[in-house]
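Please read the structure below before turning to the comments.
Only the coordinates and a few stated rules stand behind these numbers; no lab work does. In this text the structure is predicted, and so the values were computed from the model without any measurement. For neighbour counting, all protein chains shown are included, and Cβ atoms are generated from backbone atoms with ideal geometry for every residue, glycine included.
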Amino acid sequence: MDSIRIQGGVALQGKVRIHGSKNASLPVLAATLLVEGKSFIGNCPRIADVYSMVSLLKELGCSVYWQETGLIIDSTQVKRGDMCREAVMGMRSSLFLLGALLGRCGEIVMEHPGGCVIGERPIDMHLSALGQMGVEFTERDGRLQAVTAGLHGAWIRLPFPSVGATENVILAGVAACGDTILEGAALEPEIRTLCRYLQCCGAFIEGVGSSRLIIHGGRKLRGTAFTVPADRIVAGTYIFGCIGAGGNVLLERAPEEEMAAVLTVARQMGGRVCTSPEGIYVQAPGRPKPVRLVTVPYPGFPTDLQSVVLAAETLSCGCSHIEETIFENRFRIVDDLNKMGACIEREDCRSVTVRGVDSLHGASLEARELRGGAALVVAGIMAEGETIVSGCSYIYRGYENIGRDFRELGARVTSV
């Protein structure tokens with residue numbers, strides 16, 4: 001079912017449990033290639049990107065089994081580093097396998113990784129960093145070939161705190177001979193999660209949680225049981241969905257310790273936000289308050305939640321300004337929201353002005369990327385009348401079942 005039908009105009013009420021983190025699960029799954037024996041990865045979300053990663057791991061020789069609460073992975077039989085085109089082209093996070101497979105096999109052949117079309121997202125930083133660790137890259141017939149006679153430690157400084165490049169250096173670093181010093185590392189919580197998993201397996205990594213990591217390579221890693229945290233982006237989607245549509249919701253197991261900037265913006269928009277051991281409770285205002293929002297790397301406001309804030313602010317009681325500093329093509333839903341009656345003006349490819357209107361009306365829309373697609377579902381819940389969002393395969397890359405979750409919160413949402 002590739003479309004979602006929404007009968008909007010209903011405030012959200014109730015509670016929903018936040019599933020495991022997409023952005024934490026994928027690099028941890030890649031890291032299982034580096035360990036001896038079996039690993040159990042608990043709270044792994046049942047989303048399209050995880051299914052694609054599981055397919056890649058199986059293709060590479062891993063035994064992978066789903067259990068009720070997670071995945072069991074055994075990489076003992078991995079011997080090859082040639083990945084199928086279909087899975088790689090559909091998922092940018094397959095790039096995480098680059099560092100892990102070089103550490104395991106010493107070579108890899110892959111298509112250029114795909115994913116959502118929200119900017120150029122070059123892989124130059126990945127290639128440059130791994131090149132400093134002894135990897136040689138060539139390109140032939142559109143395929144990337146990487147070979148190393150042996151990874152070695154290096155001193156690496158990233159020009160931008162790229163999450164993916166940081167994770168690739170960590171994965172290669174634990175398998176390298178010698179120490180790797182990484183300056184300018186990304187600070188996202190998912191980096192800490194990857195490091196914690198590797199440490200549980202026996203890796204020695206210093207500076208976890210800082211922008212300077214020291215990765216002591218060459219240690220033997222053994223499988224372990226590990227639990228992935230809840231997804232902060234999914235939780236943020238439902239927070240701003242509530243603020244846009246109105247109502248009161250409890251987000252069970254939401255990782256509030258990772259969401260300081262998100263909760264600050266939610267409060268600026270008028271939301272009453274309380275945290276407890278149960279999760280995050282949100283009570284919406286009558287209408288959202290206008291905000292000035294700039295997306296920046298963690299611990300700032302995440303680019304992955306910019307679209308849903310944009311949707312919520314269409315019904316604000318004033319004028320909002322939103323600036324996107326991470327990706328240059330992340331306002332693709334502006335025309336869709338304006339089609340629903342919003343008043344959004346592009347200032348340039350990285351900033352918009354949103355003038356709040358009294359109401360939105362339903363429309364037929366198409367999701368063209370993951371987070372923008374989720375924002376269109378939120379807009380449909382906020383709107384009067386019927387909205388149909390097609391192209392939901394993008395949304396299922398990061399949300400187990402967004403329709404089910406919003407139904408649990410009282411929205412009238414069905415899959416068609």
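On the beta carbon distance between Cys319 and Thr227, with R0 = 35 Å, the FRET formula returns roughly 0.20. Of all DSSP beta bridges confined to the chain, the antiparallel ones make up roughly 70%.
Ordered by the number of other Cβ atoms lying within 10 Å of each residue's own Cβ, fewest first, Cys62, Cys44, Cys392, Cys343 fall into the sequence Cys343, Cys62, Cys392, Cys44. Lys339: which aspartates and glutamates have alpha carbons under 16 Å from its alpha carbon, excluding same-chain residues fewer than 8 sequence positions away? Here the aspartates and glutamates satisfying the reach criterion relative to Lys339 are Glu313, Asp358, Glu366, Glu384, Glu386. Straight-distance candidates among the aspartates and glutamates for linking to Lys79, with alpha-carbon spacing under 17 Å and chain neighbours fewer than 8 residues away dropped: Glu36, Glu59, Glu107. Projected onto planes of every orientation and averaged, the convex hull of the alpha-carbon atoms in the range 22-226 covers 9.8 nm².
Exposure proxy for Ser52, Ser359, Ser75: other Cβ atoms within 10 Å of each Cβ, ordered fewest to most, give Ser359, Ser52, Ser75. Pairs of Cα atoms nearer than 8 Å and 6+ residues apart set the relative contact order; for the chain it is 21 percent. Under a 5 Å amide H cut-off, with hydrogens placed 1.01 Å from N, Ala383 pairs with Gly9 among residues at least 5 apart or on other chains. Take the Cβ atoms of Lys58 and Val109, set R0 to 25 Å, and the FRET efficiency comes out at 0.90. Annotation for Gln199 and Gln13: the two label points, set 7 Å from Cα along the Cα-Cβ direction, are 4.5 nm apart. Would the range 229-308 count as rounded, prolate or oblate if I go by the C-alpha gyration tensor, calling it rounded below 1.5 in a/c and otherwise prolate when a/b exceeds b/c, oblate otherwise? Cα axes put the range 229-308 in the oblate bin. Stretched out straight at 0.36 nm per residue, the stretch from Arg219 to Leu187 would grow longer than its current Cα-Cα span by 9.1 nm. For the range 341-416, the fraction of C-alpha pairs farther apart than 14 angstrom is 65 percent.
Under conditions of 25 °C and 0.890 mPa s, the range 157-275 yields 152 µm² s⁻¹ as its translational diffusion coefficient, taking Rh as the Kirkwood radius over Cα pairs in the Stokes-Einstein equation.
Each of Trp66, Trp155 was scored by other Cβ atoms within 10 Å of its Cβ. Listed from fewest to most, they are Trp155, Trp66.
Here the extension length gained between Val296 and Lys79 equals 74.2 nm, from 0.36 nm per residue of separation less the Cα-Cα distance.
Stretching the chain fully between Ile72 and Lys339 yields a gain of 91.5 nm (0.36 nm per residue, less the alpha carbon separation).
Over every Cα atom in the range 263-387, the radius of gyration and the widest Cα-Cα span, Dmax, amount to 14.0, 42 Å. Between Asn329 and Cys177, the modelled label-to-label distance comes to 4.2 nm, taking each label 7 Å out from Cα in the direction of the beta carbon.
Using only the C-alpha atoms, the convex hull of the chain corresponds to 123 Å³ per residue. Here the Karplus curve 6.51 cos²θ - 1.76 cosθ + 1.60, taken at θ = phi - 60°, turns the phi angles of the range 8-18 into couplings of x, x, 10, 5, 8, 9, x, 9, 8, 8, 7 Hz, with x standing for Gly and Pro. Distance between the 7 Å Cα→Cβ label points at Glu252 and Ala149: 5.7 nm.
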